[in-house]
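Novice: Let me begin by handing over the structure; questions about it come next.
What follows is calculated from the coordinates using simple rules that are stated; it is not laboratory data. Bear in mind that the values here come from a model prediction, so they are computed numbers and not experimental data. Virtual Cβ from ideal backbone geometry, glycine too; neighbours counted across all protein chains shown.
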Amino acid sequence: MRTVVIIVLVSSLSVLSIVFYSSNFIGSVFASNSIKRAKQNDGVGALSRMSIAIKLSPGVSTYPRLRSEYLLALIEADPTTKEAYEPIIAQDLERAINLNPWYHRHYIKAAEAASQLDQPEQSIKLYNRALQLVPNSSRLHDRLAAILIDNGQSELAIGYIDNAIKLTQDSDWSYRSYYLAGIAFENMQQVENAAQAVLMSLKKSPNSSLCPLAIEYLQKRIVDFESVYHDAEKCTNYQNYEPSSSTQKVTP
Amino acid sequence: MTTLVNSLKSSVFEGELHKNVVTAITYLLVLLIPIAFVLKNTLFIEAEIVYIEGPKVFLFRVLTAIALPFIIYGFIKEGWRVHANKFAVGIIIYFGWIAVATLESRDISISFWGEFLGQDSYSLLANLHYLVLLLGIIVTFNTKEKLITLFKVIGVSGAIASAPIILQHYSGFPFDLVPDGVGRPPGTFGNPVFAGAFLSLTTMCTAYLAIRHEKLYGLLLIPQVISLLMLQSRAGLLALVIFSGVTIVLSLKTSSKKRVLIYLGSFAILSIGAFLTGGVQRFLDSPSEITGRATYWSNSTKLIVESPVFGFGPDMFRYFYLQVSPANIQGFPEEPDHAHNWIVHNTVEMGIPGGLASAAALIGPIFFVNPFLGAIFLGHAGEQMFGVGRISDLMLFYILIGVAYNAYSRNNCAGF
């Protein structure tokens, strides 16, 4: 009798396990299909399939994070949906983080979402948490610095920019950091330091994605810019660049 | 081949039902897991090679779940105490410590379920499935004939798994299974290193079978060694070199000399062929890549010092390594999910006791079995000094532990 009870219990466990694993497997198929639809710009289709994936695989932290990305894309396409989707995005990202509070990508995506939804304080908090998990990432230092600058905390941003430069060993990859330093110094009314920092950004990487902005800035700040910097023609993007008259958000 | 078919039929269709089911499931696992895959972009969880890992993990867990009630029944029928010996104590301590490390983990949920459910993992849940498989081997493959048949199936599995690698090498495999940025054929394993780990094990098992029992199965070595050379898997070939070295020394005093010489001669000819066809470059690159691994090991040491008793928990390596991973000038530090060494990895995740238990699992069986069988464990240990087991070769590893246990514990397995 005891043997029968044990076998029945174990068999029940086996059946439950099989159902559980099958559900997860099918969920991953829906998740993959969702990503395909997203790539085809079918936001609604992507969203519905990812929602099914979340129901079938409730333990996979990546799925709610991805759904929040789709919702953010939908908000960008149609800002009137912001009120409807914002709470769901917050829920999804919180769920992703709760399922795996050690995965830095969840915090980075949540910080990006907060930034996109004009929640800078929340974004700063999330980037800080991501930095605790990946302290040697110069990119994260830069991103946090950018949000701080946008939020009027340029003095605080300088510390993070310093760290980013040290982590890139002041290599050519530090062009982003120097550009951010330029923006931060500009906000702190330290015009000369700002110009020097942006100039250094150009010298580190004459043809970076930031070079048009850097050249535009320096042409306005340095009287005889062409005599100070001779490699402006290396910035191939500048020829098609249209100077912006509005305040531009910092995005490293 | 007829003998193999007859052996398979009798082990699956004759005798006690519970043993037949477990035997059939074991053969299915050995044959199907290595070649299981789906097309790219069919599944998504997180890993790049989920189209390879996902189906293998799913099949493995479902089949072992099906086998579980039959295995438990087999244990009850045989009597729980029948297996109490030093080897059994070692197995209990090893899996017991995994459970302890899970309870002491920085995140019990991740250490129990795994980082990303459905992907390959060192979680407690994954290890419970390996334990089920191990128990299945112990309770079912309890005669010398059954162990020999099992090794034949392993040999056939290795030969079958070699085919996609050889076809990919000549761009003749009909499915695109090669991940972006991978230059060498990975077969149906997603990564040439994983393929090398699996094939080195199957090759050693096949060589053992040919040397000790059925010399004709030596023919199955040909596709396996060819594919290992095409993989240019240095760790896999290291395993073979260690196994071959030990086997030579042992064979000098036994009647297996001739078979050993045939096996080694074939291996030498194929190796010379590989070098002549340009396969040497990767081996010359070895010193710089060992330096790369040394970075993982030295950073892992910092983690071990930080948490020496219980480690950080199964499946937590990635998260804590990132906190010590050196800066990369391009922006994000490297994010390995394992330490590229079985013992170091398990020490980080489960503390020094866990590392010792893992080392014992890797090398311990050597002290309980005949030296030829021990040579397989020694060879595999060499391979695991530069990587960690993944689903296919890990499955085979636990099968071998079960085989070693029966070879040691059961009179019916004497002479295997």
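Novice: Evaluate the stretch A:33-46: report whether one residue or more is among the polar types (S, T, N, Q), farther than 21 Å from residue A:108 by Cα and facing chain B (nearest Cβ under 10 Å).
Specialist: Yes: one or more hits.
Novice: Within the stretch B:90-172, which helices (runs of 4 or more DSSP H) (wholly inside it) include 2 or more residues that are closer than 30 Å to residue B:366 by Cα and basic (Lys, Arg)?
Specialist: Because the criterion is at least 2 residues that are closer than 30 Å to residue B:366 by Cα and basic (Lys, Arg), the helices (runs of 4 or more DSSP H) in the stretch B:90-172 that meet it are B:144-169.
Novice: Collect the residues in the stretch A:1-32 that are of a type in the set (Ser, Thr, Tyr) and either facing another protein chain (nearest Cβ under 9 Å) or loosely packed, with under 13 Cβ neighbours inside 10 Å (or both), keeping them in residue-number order.
Specialist: Scanning the stretch A:1-32 gives A:3, A:11, A:12, A:14, A:17, A:21, A:22, A:28, A:32.
Novice: How do the pairs read when you match residues in the stretch A:114-128 that are closer than 19 Å to residue A:91 by Cβ with residues anywhere that are of a type in the set (Lys, Arg), using Cβ under 8 Å and keeping only pairs 6 or more apart or on different chains?
Specialist: Final answer for the pair search is A:117/A:82.
Novice: Looking only at the stretch A:51-60, decide whether some residue is surrounded by fewer than 19 Cβ atoms within 10 Å (Cβ to Cβ) and at the interface with chain B (Cβ under 10 Å from one of its Cβ atoms).
Specialist: Yes - at least one qualifying residue is present in the stretch A:51-60.
Novice: If residue A:63 satisfies every condition in (1) hydroxyl-bearing (Ser, Thr, Tyr); (2) over 26 Å from residue A:118 (Cα atoms); (3) facing another protein chain (nearest Cβ under 9 Å) but one, which is the exception?
Specialist: Just one mismatch for residue A:63, condition (2).
Novice: Related question: Is one or more of the residues making up the stretch B:370-392 away from chain A (no Cβ under 14 Å), closer than 23 Å to residue B:251 by Cα and either among the aromatic types (Phe, Trp, Tyr) or without any contact (Cβ under 8 Å) to a residue 12 or more places away in the chain (or both)?
Specialist: yes
Novice: So how many residues does the stretch A:143-162 have that are within 19 Å of the chain's Cα centre (by Cα) and either surrounded by 24 or more Cβ atoms within 10 Å (Cβ to Cβ) or assigned to a helix (DSSP H, G or I) (or both)?
Specialist: Within the stretch A:143-162, residues that are within 19 Å of the chain's Cα centre (by Cα) and either surrounded by 24 or more Cβ atoms within 10 Å (Cβ to Cβ) or assigned to a helix (DSSP H, G or I) (or both) number 11.
Novice: Here's something else I'd like to know. With respect to residue B:355, is the statement that it is farther than 25 Å from residue B:60 by Cα and among the small types (Gly, Ala, Ser) true?
Specialist: yes
Novice: Here is a further query. For the stretch B:97-123, enumerate the residues that are within 14 Å of chain A (Cβ to nearest Cβ) and under 21 Å from residue B:400 (Cα atoms).
Specialist: B:120, B:121, B:123
Novice: Would a scan of the stretch B:347-368 turn up a residue that is within 15 Å of the chain's Cα centre (by Cα) and assigned to a loop (DSSP other than H, G, I, E, B)?
Specialist: no
Novice: Filtering the stretch B:133-179 down to residues that are without any contact (Cβ under 8 Å) to a residue 40 or more places away in the chain and not aromatic (Phe, Trp, Tyr), which residue is surrounded by the most Cβ atoms within 10 Å (Cβ to Cβ)?
Specialist: B:168
Novice: A further question on this structure: Condition test on residue B:198, is it within 11 Å of residue B:231 (Cβ to Cβ), touching a Ser or Thr at 6+ places or on another chain (Cβ under 7 Å), among the aromatic types (Phe, Trp, Tyr) and not in a helix (DSSP H, G or I)?
Specialist: When the stated conditions are applied, residue B:198 does not pass them.
Novice: Among the residues of the stretch B:40-96, how many are aliphatic (A, V, I, L, M), more than 19 Å from residue B:114 (Cβ to Cβ) and within 10 Å of chain A (Cβ to nearest Cβ)?
Specialist: 5
Novice: Taking the stretch A:106-142 as the region of interest, how many residues are farther than 20 Å from residue A:65 by Cβ and buried (at least 22 other Cβ atoms within 10 Å of the Cβ)?
Specialist: 3
Novice: Give the stretch A:69-89 a look and list any residue that's over 13 Å from residue A:113 (Cβ atoms) and either β-branched (Val, Ile, Thr) or not in a helix (DSSP H, G or I) (or both), or say none.
Specialist: Listed by number, the residues that qualify are A:78, A:80, A:81.
Novice: Can you name every residue in the stretch B:304-326 that is within 14 Å of another protein chain (Cβ to nearest Cβ) and buried (at least 21 other Cβ atoms within 10 Å of the Cβ)?
Specialist: Result: B:312, B:313, B:314, B:315, B:316, B:317, B:319, B:320, B:321, B:322, B:325.
Novice: For the stretch A:90-138, give me the residue count where each residue is at the interface with chain B (Cβ under 10 Å from one of its Cβ atoms) and not in a helix (DSSP H, G or I).
Specialist: Of the residues in that region, 8 qualify.
Novice: State all residues of the stretch A:185-224 that are among the acidic types (Asp, Glu) and either assigned to a loop (DSSP other than H, G, I, E, B) or within 20 Å of residue A:171 (Cα to Cα) (or both); if no residue qualifies, say none.
Specialist: Once the filter is applied, which keeps residues that are among the acidic types (Asp, Glu) and either assigned to a loop (DSSP other than H, G, I, E, B) or within 20 Å of residue A:171 (Cα to Cα) (or both), the stretch A:185-224 yields only A:224.
Novice: If the requirement is being within 14 Å of chain B (Cβ to nearest Cβ), closer than 27 Å to residue A:206 by Cβ and touching a Phe, Trp or Tyr at 6+ places or on another chain (Cβ under 8 Å), which of these qualifies: A:162, A:172, A:142?
Specialist: Unique residue meeting the criteria: A:142.
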